[in-house]
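Reading through the structure tokens given below for one structure.
Bear in mind these aren't lab numbers, they're just calculated from the coordinates by the rules spelled out. The structure presented is a predicted model; accordingly, all values stated were derived computationally and were not measured. Quick reminder, even Gly has a Cβ in these numbers, built from the backbone with ideal geometry, and neighbours come from all protein chains shown.
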Amino acid sequence: MKLENFRQSISMMPRRYKQLILVAFDVVTLTFAVWLSYLLRFGSFFIPNSEQSLLMIAAPLIGVPVFIRFGLYRAVIRYLPDRAIWTMMQAVTISVILWVCLAFLTLMTGAAGVPRAIPFLYWVLSIALICGSRFAAKWLLWSPLREKIMARQCLIFGAGDAGRQLANALRAQNEVFVAGFIDDDKSLQGMDILGIRVYNSSQIETVIDNFGINEMIVTTSSLSGIQRRRLIGRLKSLDVKVRILPAISDLTAGKYLVSHLRDIDIDDLLGRSPVPADPILLDKTVENRVILVTGAGGSIGSELCRTIVKLAPAKLVIFDLNEHSIYQLQRELMSVSDCLIVPVLGSISDAPLIRTVLAEHKVENVYHCAAYKHVPLVEENVVEGARNNVIGTDVLAGLSREAGVRNFVLISSDKAVRPSNVMGATKRWAELIVRHNGNEASKHGTGQVFASVRFGNVIGSSGSVVPLFREQIASGGPLTVTHDDMTRYFMSVREAAELIIQAGALSEGGDILLLEMGEAVRIRDLAENMVLLAGLSVKDISNPEGDIEIITVGIRDGEKLHEELFYDPTGVSPTKHSKILRAKRSINSVDHLPGAVAELRQLIAQQDADAVRKLLFEGASA
């Protein structure tokens, strides 16, 4: 019981006091080691003369600064890794060499000074006493906690407020050893914060190796999405788990405890930094309005509905062809909101149904998410892709204008820019149709707003590569990548939904709004990172014993190596929202569009796939 109390008192002692005790111990130990060396050399009790006494005093005066330089007083004894013995041996060896140099420079050699055997004895005794004392203290004082504590040793990326709070919380729990902070702020590097050393990010691998780190905790404010992705890439070859501390704003709002951590996920690897939604823009076109969402059962449509019901609409009409998805969505929305939810089953190309829905519910806003998005499938089903994506948009947009809908927002795609596949071409036609209806509304002064919102891939949406990779990982691989250099833009579905609503509020009618997607993500890097996030390793030439192999299968018909968000990047202008841009209006007329759509209808009725394909690409060049 007394030993436990002693352990507890030592554990609760301030770190500076512990360091002073170590320094005092080393001063006594090194002095004693020199005296003991003389005793062993002469084989009898030894009383030093004045010169020898000065050399004994010089031993700790030389040794302690060397020990400080080697970090012997920064290491926490109870977390001391076994490999630290090599650092201690190096420090002792250098201190002995410097001491011997001093002895020779002062001519203190010979029988009356320093016999030649003394340096060797001093070196052996110093190593035994310095190394032995530290490991003995580790075993004696903290052996009951050893297995539990040594299992988790971490680094904290970011020495800001969130990182410091986390370090304090982890210390209080007494379960995790915080070996250091990683921060690129040069004013902090080399400093001790809360007794924890701050290292440069270039030293990550060295610190991980020296301390046996098995966990990296990242504060969300310290790294952008791009930097997180690059950090994961650096840690691929190391057995280190990366976790995320929630944003400090969430901590202060009481959403999490400061010690709450979550595993890093796909959203954290996106090449962009999410911006909080503007509540004014969100409410502007939704509150107290009747909203229609087509394709509501899909990933984007359903998330859009979840966002809309939180903004107090008068009514939400959820429209989809899929019976099961619309049923599930209705149940979910009704459980979280008092808003009136009206499910409608049907196709957007069914004009009588669309006309009835718009009139019966007096719809004020339309968010058009319904579309076939899977590139290879649409490539194989040209006629149906054109019917749904083009004719369906023409029916919905035209009838919405006739019914007096106030805001119409088309969810478009980066594949609509210089399209190389049928899906992209149909999306470009849809953009032109919306633009045409916006022009017509402006001519007649109705005040109606028709806009397209264009963005890249949404994590987990239909046609996205992420669900495919997850499925392939679950089945043990391999992961299939079409090309090693292929890149795509990604954003989270929640942010996409919020930005779509805000973009609709910023539209001036007939224009195309672009969601800023950050840096394009290399698909192979995404695949490798997903394997690592699953707790597995990539099997390749450098790691033949890995868990999951990634193979290149070649680019499919209609796929681009790199997608674009703009036809003309120089013609893009900012809006009130930092993540929403406005594309320059095209000078090309779309007056020919009604005739082109009528021709497309005839070709679809004839099931002439080749002619439909040809017309789609001709029309998409407008």
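Stick to the Cα atoms of region 302-447, pair each with every other, and give me the Kirkwood hydrodynamic radius in Å at one decimal. Could you put the intermediate results ahead of the total?
Working: mean 1/r = 0.0622 Å⁻¹.
Evaluated over region 302-447, this radius sits at 16.1 Å.
The amide H of residue 539, built 1.01 Å from its N in the peptide plane, has 547, 548, 549, 550 as neighbours under 5 Å, considering only residues 5 or more places off or on other chains. Within the shell defined by Cβ-Cβ distances under 14 Å, the residues around residue 130 carry a net charge of +1, with Lys and Arg each +1 and Asp and Glu each -1. Among 366, 572, 378, sorting on how many other beta-carbon atoms sit within 10 Å of each Cβ, with the fewest leading, yields 572, 378, 366. For region 485-496, the Karplus equation 6.51 cos²θ - 1.76 cosθ + 1.60, evaluated at θ = phi - 60°, returns couplings of 9, 5, 10, 8, 8, 9, 8, 6, 5, 5, 5, 4 Hz by residue, with Gly and Pro reported as x. In this structure the amide hydrogen of residue 454, modeled in the peptide plane, comes within under 5 Å of the amide hydrogens of 412, 513, 514, 515, none closer than 5 places in sequence on its chain. What separates the Cα centres of region 525-554 and region 44-74 is a distance of 54 Å. Karplus-based coupling profile of region 437-446, in residue order and whole Hz: 5, x, 5, 5, 5, 5, 4, 8, x, 7, with θ = phi - 60° in 6.51 cos²θ - 1.76 cosθ + 1.60 and x standing for Gly or Pro.
Between residue 23 and residue 168, the contour length at 0.36 nm per residue exceeds the Cα-Cα span by 49.7 nm.
Do any of 186/579; 373/560; 373/614 go past 22 Å between their Cα atoms, and which? Table pairs above 22 Å Cα-Cα are 186/579.
Using r as the Cβ-Cβ distance of residue 85 and residue 16, and R0 as 35 Å, what FRET efficiency do you calculate, to the nearest 0.05? Numbers along the way, then the final one.
On the way: r = 25 Å, r/R0 = 0.71.
It comes out at approximately 0.90.
Across region 417-530, the volume of the C-alpha convex hull divided among the residues equals 113 Å³ per residue. The tail of the calculated P(r) for region 281-359 beyond 19 Å holds 31 percent of all Cα-Cα pairs. Between residue 366 and 292, 407, 408, 409, the built amide H atoms are under 5 Å apart, and every one of these is 5 or more places off in sequence or on another chain.
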